[in-house]
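The values are calculated or read from the model by the stated rules, or taken from the named source; none is laboratory data. Keep in mind it's a predicted model, so treat the numbers as computed, not measured. So basically every Cβ, Gly included, is an ideal-geometry build from the backbone, and we count neighbours across all protein chains shown. Side chains included, ligands, DNA and RNA excluded: accessible areas come from the protein's heavy atoms. Shrake-Rupley method; radii C 1.70, N 1.55, O 1.52, S 1.80 Å.
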Amino acid sequence: QVQLVESGGGLAQAGGSLRLSCAASGRIGSPDAMAWYRQAPGKQRELVATITSGGHTVYADSVKGRFTISRGNARSTVYLQMNSLKPEDTAVYYCNALWWDAGYWGQGTQVTVSS
């Protein structure tokens, strides 16, 4: 059974930084792509950033220049470095891993940014 375990969420002040981590386990081979999504109260889940196995990255316009997605040496891990945080970044952040035949979600980690 595939599991994605996220960590690193918490409370930060505006202008501060947080680093999220996600580790996938339970399946042979690393994912073709990994991503971070977020969902704020009353809003739909939205893509924050994604990275392919080849290292290609895509970011939401709202986080470009502030957030950086990367994969660990263990290719089933992904990180999200969040700098210059804003109150509007407050949300539950979800890790997503895609293999050729299936996608999986983590349980989510809360990020709260105070003004």
How many residues are in contact (Cβ under 8 Å) with a residue 12 or more places away in the chain, over 17 Å from Thr90 (Cβ atoms) and open to solvent by 50 Å² or more (accessible area, probe 1.4 Å) when one looks only at the range 9-29?
3
With the requirement that a residue be part of a strand (DSSP E or B) and either free of Cβ contacts under 8 Å to residues at least 12 places away in the same chain or more than 17 Å from Tyr93 (Cα to Cα) (or both), what does the range 49-65 give you?
Thr52, Thr57, Val58, Tyr59
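Just to be sure, is Ile69 touching a Phe, Trp or Tyr at 6+ places or on another chain (Cβ under 8 Å), β-branched (Val, Ile, Thr) and not in a loop (DSSP other than H, G, I, E, B)?
Values: touching a Phe, Trp or Tyr at 6+ places or on another chain (Cβ under 8 Å): yes; β-branched (Val, Ile, Thr): yes; not in a loop (DSSP other than H, G, I, E, B): yes.
Criteria met by Ile69.
Just to be sure before I move on: is Val78 of a type outside the set (Asp, Glu), open to solvent by 30 Å² or more (accessible area, probe 1.4 Å) and not in a loop (DSSP other than H, G, I, E, B) in the structure I sent?
Working: of a type outside the set (Asp, Glu): yes; open to solvent by 30 Å² or more (accessible area, probe 1.4 Å): no; not in a loop (DSSP other than H, G, I, E, B): yes.
Considered against the rule, which asks whether it is of a type outside the set (Asp, Glu), open to solvent by 30 Å² or more (accessible area, probe 1.4 Å) and not in a loop (DSSP other than H, G, I, E, B), Val78 comes out as no.
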Every residue from the range 88-115 that is more than 13 Å from the chain's Cα centre (by Cα), of a type in the set (Asp, Glu) and at pLDDT 95 or above
Glu88
What is the number of the single condition among (1) in contact with a strand residue (DSSP E or B) (Cβ under 6 Å, 6 or more places away or on another chain); (2) in contact (Cβ under 8 Å) with a residue 40 or more places away in the chain; (3) open to solvent by 50 Å² or more (accessible area, probe 1.4 Å); (4) not aliphatic (A, V, I, L, M) that Thr68 does not meet?
(2)
How many residues of the range 40-57 are open to solvent by 60 Å² or more (accessible area, probe 1.4 Å) and under 21 Å from Thr109 (Cα atoms)? The answer is 7
Collect the residues in the range 21-34 that are in contact with a Cys (Cβ under 8 Å, 6 or more places away or on another chain) and under 14 Å from Thr109 (Cβ atoms), keeping them in residue-number order.
Cys22
Do any residues in the range 86-115 that are part of a loop (DSSP other than H, G, I, E, B) have Cβ atoms under 9 Å from those of residues that are β-branched (Val, Ile, Thr) and open to solvent by less than 40 Å² (accessible area, probe 1.4 Å), where the two are at least six apart or on different chains, and which pairs are they?
Lys86/Val113; Thr90/Val111; Thr90/Val113; Trp99/Val2; Ala102/Val2; Gly108/Val92
Got at least one residue in the range 25-48 being at pLDDT below 95 and part of a strand (DSSP E or B)?
yes
